[in-house]
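The values are calculated or read from the model by the stated rules, or taken from the named source; none is laboratory data. What you see is a predicted model; the values in this text were computed from it and never measured. For neighbour counting, all protein chains shown are included, and Cβ atoms are generated from backbone atoms with ideal geometry for every residue, glycine included. Heads up: the accessible areas ignore ligands, DNA and RNA and are worked out on the full protein's heavy atoms, side chains in. Shrake-Rupley method; radii C 1.70, N 1.55, O 1.52, S 1.80 Å.
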There are 2 protein chains.
Amino acid sequence: MRILVDMDGVLSDFDGEFLKRWRERHPEKIYIPLEERTSFYVKDSYPEDLKPLVTDILLEPSFFREMMPMTGAIQAMKEMKDMGFEIFICTSPLTAYKNCVLEKYEWVEKHLGADWVSQIILTKDKTLVKGDYLIDDKPAISGVETNPTWEHIVYDRPYNRDVSKKRLDWSNWKDVIDL
Amino acid sequence: MRILVDMDGVLSDFDGEFLKRWRERHPEKIYIPLEERTSFYVKDSYPEDLKPLVTDILLEPSFFREMMPMTGAIQAMKEMKDMGFEIFICTSPLTAYKNCVLEKYEWVEKHLGADWVSQIILTKDKTLVKGDYLIDDKPAISGVETNPTWEHIVYDRPYNRDVSKKRLDWSNWKDVIDL
């Protein structure tokens, strides 16, 4: 069994890091708590005049490097590996790739260990990658392959609750993935 | 038709950059001209005591960024795209990823243009990626998939002449790939 695991919002706490920085940089401005987010892209939840400030934070050096792991993520990855699954980290860099590409590699080495770095697949198009499952918080995964080999399992987040697919988080993954 | 194209030694002149730096740094030491290379990994052609110096060069900042394009590579990529093929750049970073990961992205943006950056797939395991052809100078491509979907077409280089697979370079690719 081969499982592809997304990074932002699945392994690493993208939204936590964003909100922390947003409130530090702009304590006087509104913020949208994670539980009130209804759109996948954080920018889409903010009014037009604040969107450039949202982007500025995502592009800050260290933004991707300093994210905390999602609760239970590191343990789940190691357990899945120990169970003999092939685990790959399948992640899309920002189009403005300058900081995020290297920092994603550094994050994996820091939190999972150097031997996990070889499991990284960096691609804008995940439909091309062969696997049995793709665990991803994005509501819909599209690309050049209209019939990917994997089944998309939604990593449960407030902004994807309207998606009617199999879903899990790191507290219940063993009940969801057929072992 | 989807074609996956390797970077080092196929799009970018890895060996040219190495030899240039090697002769600058170590003018008094032996060097192995490309035509005499019989091993895929450049280090394997050098005596034991020089191997660390070879590695030092590959890890220099700017090594990956400053490679020249292979003759005809940029034109071939644009022609293949114009012919309606899906073209992806499928490349494996060094295990010591620090400089090479970001510099591969910068190279693609500089030499092919910003809209090609989205076509990059960075992976240590190319057998996982679905395509019709993989153009790669490495003699044998292995990974977790024993039956990749692609046919490996060898990009012709002195160190892979013993491989009996379909082969091409950018001067004759139109005769080799079934159009």
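Copy-to-copy label distances for residue B:118, where each label lies 7 Å from Cα along Cα-to-Cβ, are 3.3 nm in order of increasing length.
The chymotrypsin sites (Phe, Trp or Tyr not before Pro) found in the stretch B:1-45 that occupy coil by DSSP, while having at most 13 further C-beta atoms within 10 Å, are B:41. Here the stretch A:133-179 exposes an accessible surface that is 43 percent carbon and sulfur, computed with a 1.4 Å probe and the other protein chains kept in place.
In the elastic network of chain A, a GNM with C-alpha springs shorter than 10 Å, the most mobile of A:153, A:32, A:89 is A:32. When B and A come together, around 2300 square angstrom of accessible surface is lost from both chains combined, probe 1.4 Å. With r defined as the distance between the Cβ atoms of residue B:178 and residue A:151 and R0 fixed at 30 Å, what FRET efficiency is calculated, to the nearest 0.05? Plugging the Cβ-Cβ distance into 1/(1 + (r/R0)^6) gives 0.35.
Between the alpha-carbon centers of the stretch B:84-132 and the stretch A:63-91, tell me the distance in whole angstrom. Rounded to whole Å, the Cα centres lie 23 Å apart.
Taking A:131, A:16, A:72 as the candidate residues, the one with maximal mean-square fluctuation in a Gaussian network model of chain A, Cα springs under 10 Å, is A:72. Between the beta carbons of residue A:30 and residue B:75, assuming R0 = 45 Å, the FRET efficiency works out to 0.30 to the nearest 0.05. With a simple spin-label model that places each label point 7 Å from the Cα along the Cα-to-Cβ direction, the separation between residue B:68 and residue A:165 comes to 4.6 nm.
FRET efficiency for the pair residue A:96 and residue B:142, taken as 1/(1 + (r/R0)^6) with r the Cβ-Cβ distance and R0 = 35 Å, rounds to 0.55.
Label sites at residue A:39 and residue B:55, each approximated as a point 7 angstrom past Cα along Cα to Cβ, lie 4.9 nm apart. Treating the Cα atoms of the stretch A:14-59 as identical point scatterers in vacuum, please give the log10 of the normalised Debye intensity I(q)/I(0) at q = 0.20, 0.23, 0.32, 0.33 Å⁻¹, two decimals. The Cα Debye sum returns log10 ratios of -0.57, -0.79, -1.63, -1.70.
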